[in-house]
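Worksheet: the structure to be examined is printed underneath.
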Amino acid sequence: MRRVIYTTNSIESLNYQLRKVTKNRGHFPSDEAVIKLLWLAICNIEDKRARERAQEKGKPATQRKAPGRLVEGQVVTNWKQALAQLAIAYPDRINPHL
């Protein structure tokens, strides 16, 4: 469970950055415009993180401070076990989405 909770910090960080991008825009002409803006923002966020990871390449893990991947390659260890525990604890919230 702890690994899944820590992973949500990355998700919350991404959501914060996406809200920041859309906050300054009042209205969008279409749904496609929103999707395009969010996609470009995600690409920019991931590019920035990739540059930070590249700068720290070769350093020991204890000295790295660059955030992990948000879009591709992110793996949550033991997600099925955590999801099963969440389904038991919160059946009304989790089971409709399974």
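Points worth noting:
- Put simply, of GLY58, GLY26 the only residue that is of a type outside the set (D, E, K, R), at pLDDT below 75 and surrounded by fewer than 13 Cβ atoms within 10 Å (Cβ to Cβ) is GLY26.
- First in the stretch 26-49 and farther than 15 Å from TYR16 by Cα, second anywhere and assigned to a helix (DSSP H, G or I), Cβ under 6 Å, 6 or more apart: PHE28/VAL34
The values are calculated or read from the model by the stated rules, or taken from the named source; none is laboratory data. All values reported here derive from a predicted model rather than from experimental measurement. A quick note on method: Cβ atoms are made from the backbone with ideal geometry, for glycine too, and the neighbour counts reach across all protein chains shown.
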